[in-house]
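*Asks:* Mind having a look at this structure? Questions to follow.
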Amino acid sequence: MPAPVIMVTGANGQLGKEIRDLAAHYKQFHFIFLSRQDLPVHQFEQVQHYFETVLPAYCINCAAYTAVDKAETDRETAMLVNGDSVGILAAACKSFNTRFIHISTDYVFDGTATVPYSEEDMTNPVNYYGSTKLKGEALAVKNNSESIIIRTSWVYSAYGNNFVKTMLKLMKERTSLNVVNDQLGSPTYAADLAKLILGIIEESEKAPGKWVPGIYHYSNDGIISWYDFAVAIRTFTGSSCTIHPIPTTAYPTPAKRPAWSVFNKDKIKSTWPTIVIKDWKTSLSAAIDRLM
């Protein structure tokens, strides 16, 4: 029997690259990593033809338009990538009996809650990026009821542009920084998310009943502000940079951010009990070790 094919779209993004790093540890699978240039996921005919040729057992959709502020004006592109393309991939997965895992975001919520968001809580995006991601979720479910959707928050890694890498750079260049302290959430180390996704696939290969479609929340454990995150980065690196807490009002951005981005992760823990969710400080330390 040939090895099951895992197709990864958005292969040049943070999560795609972390999955690529882990692929060598999952020799029972054959991985195909696709950038937007390799497969334009917004083109229905090309996607259908690719699936027909490759017949993937799994498709992990890491392709995303993640420029939150730019999405406010570049609306057509953001919706094409985060909305329409998800529907096309989900439909192709249904047609070719491919299991679909799609990555979504905390930005589908408005951030007005005071307790961690569950998967059943009302969505209400406060920016256009969040609206496009919510549309992607809806199309994934509509076009393929067997989809698994994983919402995540505050993603960072050794790759791409993210808060941790930006802080590391700025702390070398400046003696002081202002960082928002009234937006609360939970960071997600993309390497941990990659391991989670491949763990779900591995479990479902061992026992088909382990594939449980639906929406799941995942992040590292702990609740912090962006200011707390920056202070921890400074501590782990031994930087002498002074960090000042500021309110969101002192740092206006084109796109509004939710003030509360904390997930209830009981559902994903109970569905896959073998999954270990690490504390955010443990994962941050591991990431910084890679970057230093």
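*Asks:* For the subset of region 190-213 comprising residues that are of a type in the set (Gly, Ala, Ser) and either touching an Asp or Glu at 6+ places or on another chain (Cβ under 7 Å) or in a loop (DSSP other than H, G, I, E, B) (or both), which member is surrounded by the fewest Cβ atoms within 10 Å (Cβ to Cβ)?
*Replies:* ALA207
*Asks:* If you take the residues in region 110-146 that are among the polar types (S, T, N, Q) and more than 19 Å from VAL212 (Cβ to Cβ), which one is modelled with the lowest pLDDT? Before the answer, list the steps.
*Replies:* Narrowing region 110-146 to residues among the polar types (S, T, N, Q): 112, 114, 118, 123-124, 127, 131-132, 143-145.
Now drop any that are not more than 19 Å from VAL212 (Cβ to Cβ), which leaves 112, 114, 123-124, 127, 131-132.
Working: THR112: 97, THR114: 94, THR123: 98, ASN124: 98, ASN127: 98, SER131: 98, THR132: 98.
Per the stated criteria, the residue is THR114.
*Asks:* When region 159-189 is examined, which residues are found to be assigned to a strand (DSSP E or B) and either over 16 Å from PRO258 (Cα atoms) or modelled with pLDDT under 95 (or both)? Before you say what the answer is, go through the steps one by one.
*Replies:* We begin by selecting, within region 159-189, every residue assigned to a strand (DSSP E or B); these are 176-180, 184-185, 188-189.
Within region 159-189, SER176, LEU177, ASN178, THR188, TYR189 meet the criteria.
*Asks:* Can you tell which of ILE268, ILE246, ILE288 is touching a strand residue (DSSP E or B) at 6+ places or on another chain (Cβ under 7 Å) and farther than 30 Å from THR73 by Cβ? Working first, answer last.
*Replies:* On the way: ILE246 fails: farther than 30 Å from THR73 by Cβ; ILE288 fails: touching a strand residue (DSSP E or B) at 6+ places or on another chain (Cβ under 7 Å).
Matching residue, one of ILE268, ILE246, ILE288: ILE268.
*Asks:* I've got another one for you. MET167: among the hydrophobic types (A, V, I, L, M, F, W, C), surrounded by fewer than 23 Cβ atoms within 10 Å (Cβ to Cβ) and out of contact with any His (no Cβ under 7 Å at 6 or more places or on another chain), yes or no?
*Replies:* Working: among the hydrophobic types (A, V, I, L, M, F, W, C): yes; surrounded by fewer than 23 Cβ atoms within 10 Å (Cβ to Cβ): no; out of contact with any His (no Cβ under 7 Å at 6 or more places or on another chain): yes.
No: the conditions fail for MET167.
*Asks:* Of the residues that make up region 120-129, is at least one over 17 Å from LYS267 (Cβ atoms), without any contact (Cβ under 8 Å) to a residue 60 or more places away in the chain and either basic (Lys, Arg) or surrounded by 20 or more Cβ atoms within 10 Å (Cβ to Cβ) (or both)? So that I can check it myself, show each step before the final result.
*Replies:* In the first step, residues of region 120-129 are kept if they are over 17 Å from LYS267 (Cβ atoms); the result is 124-129.
Subsequent filtering for residues that are without any contact (Cβ under 8 Å) to a residue 60 or more places away in the chain retains 124-125.
Okay, now just the ones that are also either basic (Lys, Arg) or surrounded by 20 or more Cβ atoms within 10 Å (Cβ to Cβ) (or both), so 125.
Scanning region 120-129, I find at least one residue that is over 17 Å from LYS267 (Cβ atoms), without any contact (Cβ under 8 Å) to a residue 60 or more places away in the chain and either basic (Lys, Arg) or surrounded by 20 or more Cβ atoms within 10 Å (Cβ to Cβ) (or both), so the answer is yes.
The values are calculated or read from the model by the stated rules, or taken from the named source; none is laboratory data. None of the values given here were measured: they were computed from a predicted structure. Counting neighbours? That spans all protein chains shown, and the Cβs are built from the backbone with ideal geometry, glycine included.
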